[in-house]
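Derivation of every value follows stated rules applied to the coordinates shown; laboratory data play no part. Bear in mind the structure is a predicted one, so any value in this text is a computation, not a measurement. No Cβ is skipped: glycine too gets one built from the backbone with ideal geometry, and neighbour counts run over all protein chains shown.
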C-alpha cells in the first residue's frame, strides 16, 4: 500500500453528465435583464424561465417532458407591466408559482390542467395570474416560498424591505426593514429563521415572526454580490462572495457568531457563485455565473469536503436544481441541474453515483422532504413550527406512491461488532496458602510454545491485511492525508539477574508461571493489524491503533513469561549440578530430591 488513506464517502465518485442537444429545451428566449437572479426555477413537473418578451414582462413554463425544439410562439404567463426578475415554485403544489417584477408587484399563477406548449392554435392563449400581491414601492428582486409552512412567501424589494405574505389571503403579515438592498435570502428547514445578504456587506439572521434580526454581523468584504443558502436542518448557513482582492470565497457560518467557521478562497473568476443545498445527501453545489463549472462538496464535521467538479466550455447565466423528490432513482441520480446555454437553450445535467446494481440503493437515497407541508399558514402565523414529513425513496423505486416517514426519521445504523473480551489476568496465589503440588499444575493446560504463538500472531496479521486490501479497492483519492509517523519497534526488556541457588531450602518452585495460558489463545481480537513497523502495514484508524496496542501488550507478556521460565530452568540446573557434586551418590532422600528436581526441569523445558 502507498502509506496513505482517503476519507470514505458514498458520494466521492459522483459525476455530472450533460444531455445531448435533442434532450435539451431549445429555441428559448431568456431574459437579458441584468438583475442578479438565477433566471430559471424547476420542480418535478415544470421549468420556469424569465422570458425576453416585448410589451411588458412575462415568463414561460415548460413541461419537463416536452424536450427538443420548442415552437416559435408559445403560451406565456403575462400580467406584469415590466420585466420579470424572479420566480419560485410552491414546494407543496407543483402547479403554483410566484413571480416578482420590476413593476413592484408579486403575482401568483396556477398552471392550467393539461398545459402544453404544442397546440394547434396559431395564437396560443397566454395564462393570467390568479392573484396579485401589492405593497412594495420599488422593484421586487427575489421571491422565495417557506420550505415548511404552506402558502407563506417572502419577497425582497429595492425599497430595502422583505415582506412575508400569506398567499391564501393575499395579505402581508410581516415586514423586515433593511438599511440597503437585499442581494439574496434563504429559509432554514422549519421556516422560522431567514438569513439575508445585503449590499452593505452585512449578514443578518432574522427571527421572522418577531420582525427583528436575531443576529447581524460582517459578511464578505468584496464589492460584488454575495449569495447565501441555509444548510437545511443544520444550524449553519453558507455564503459565497468576494474578498477585497476580488477572489471568490466560500464561507461557513454559525448563527450568532461574527467569525466564520471556515472561509475558503475558490478562484479569481469574476462571476457570482450560486449555491444550492441538498439536505438529504448533505452536499453543497456551487455554480459559477459566467463560467461553465459546477463544484460540489460534502458537508461533514463543519467542513466542506471537496468531491469533484463538473466542467463545461458552455457558460451559464442562470441555473436551477431539481427538488430531491424529482430525481431518477433507477439511474442512481442524486441531483439534477438545468443550466442556460447561450441564452438560447436549457441543458439538463444529471449527477449520478456510478453503481451497477439491480436493487434500490438505500445508502445514497436517505429520506427527503416530500410534497406535504409541516404546518399550515395559520399554524405558522400563530407561532407553531414543524418540519415537513419526509418520503422514502424505496417506494418510488418500486413504482408506488411515495411512503411518508417522520420528519426526524434516521436510517437504522449497522450494529457495531462486539469488542473482544479482555484476556483474563492470572490470579496470584494468597501468601498464607500452601503452594499447589506439581500434580495439580500438570492437570491444567500447558503454555503455548513459541511456534504456536508466532503462528497465532501471523494469522491475525494476515487476516487484517486481507481486509485492508479489500477495503482499499473501494477508496477514492480526492483527499490525501499525510502518512503518520512510524512507531518504533518494541524495545527489548532487560532481564533481571537469576538469583543464586540456596543451599538449605529445597521447597518446590512456584508453578503459577507454567500454568498461565497464553493471552492470544485465551482471547484473540476479532480484527487485528500487523505489528507496527511492517512495510506493508496500512495506516491505522482508532480501532486499528487499539488492536496494535493489544498485540504489543500480548508480546510483552509472553516475553516476560519466557524470561521467568528461563530463569527457573537455569536455577534448577545449577542446583541439581551443585547437589551432584557435593554428595556424589548421596543418601536415598537426596537422590529422591535430585530426581524430583530433574522432573521439574524437564517439565519446564517442554
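Can you sort 365, 15, 118, 351 from fewest to most other Cβ atoms within 10 Å of each residue's own Cβ? Let's see the in-between values first.
Numbers: 365 23, 15 13, 118 10, 351 26.
Sorted ascending by nearby Cβ count, the order is 118, 15, 365, 351.
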Among 273, 24, which comes first, second and so on when ranked by fewest other beta-carbon atoms within 10 Å?
24, 273
Once the Cβ-Cβ distance between residue 26 and residue 401 is put in as r, and R0 is 25 Å, what FRET efficiency do you end up with, to the nearest 0.05?
0.15
Rounded to the nearest Å, what's the spacing between the alpha carbon centres of region 176-215 and region 255-322? Just the number, please.
21
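Estimate the FRET efficiency between residue 19 and residue 546 by the formula 1/(1 + (r/R0)^6), using the beta-carbon distance for r and 51 Å for R0, to the nearest 0.05. Don't jump to the answer; show the numbers that get you there.
Details: r = 50 Å, r/R0 = 0.97.
The value I calculate is 0.55.
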Classify region 79-165 as rounded, prolate or oblate, taking a ≥ b ≥ c as the square roots of the eigenvalues of its Cα gyration tensor: rounded when a/c is under 1.5, otherwise prolate if a/b is larger than b/c and oblate if not.
oblate
Sorted on mean Cβ neighbours within 10 Å (highest first), peptides 207-218, 338-349 come out as 338-349, 207-218
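Restricting things to Cα coordinates, could you compute the convex hull volume per residue of region 15-368 in Å³?
Numbers: hull volume 47.0 nm³, N = 354.
In region 15-368, the Cα hull volume divided by residue count equals 133 Å³.
Calculate the FRET efficiency for residue 82 and residue 300 from the Cβ-Cβ distance with a Förster distance of 41 Å, rounded to the nearest 0.05.
Values: r = 44 Å, r/R0 = 1.08.
It comes out at approximately 0.40.
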The alpha-carbon pair-distance distribution computed for region 242-357, with 10 angstrom bins and whole-percent values, is 12, 41, 34, 12, 1
Backbone N under 19 Å from the residue 120 label point (7 Å along Cα→Cβ), restricted to region 50-82
71-75
Computed label-point distance, nm, for sites residue 132 and residue 378 using a 7 Å Cα→Cβ extension
2.9
Looking only at region 92-131, which residues have a backbone nitrogen under 20 Å from a spot 7 Å from the Cα of residue 54 in the C-beta direction?
122-127
With just the Cα atoms of region 25-73, tell me how far they stretch along each of the three principal axes, in Å, largest first.
29, 23, 15
Among 103, 72, rank each residue by its count of other Cβ atoms within 10 Å, from fewest to most, as a rough exposure measure.
72, 103
Residue 45-residue 342 pseudo-label distance in nm [points 7 Å out on the Cα-to-Cβ vector]:
3.3
Report the percentage of all Cα-Cα pairs in region 1-129 whose separation exceeds 20 Å, rounded to a whole percent.
51
For region 15-368, give me the percentage of DSSP beta bridges that are antiparallel, rounded to the nearest 5 percent.
95
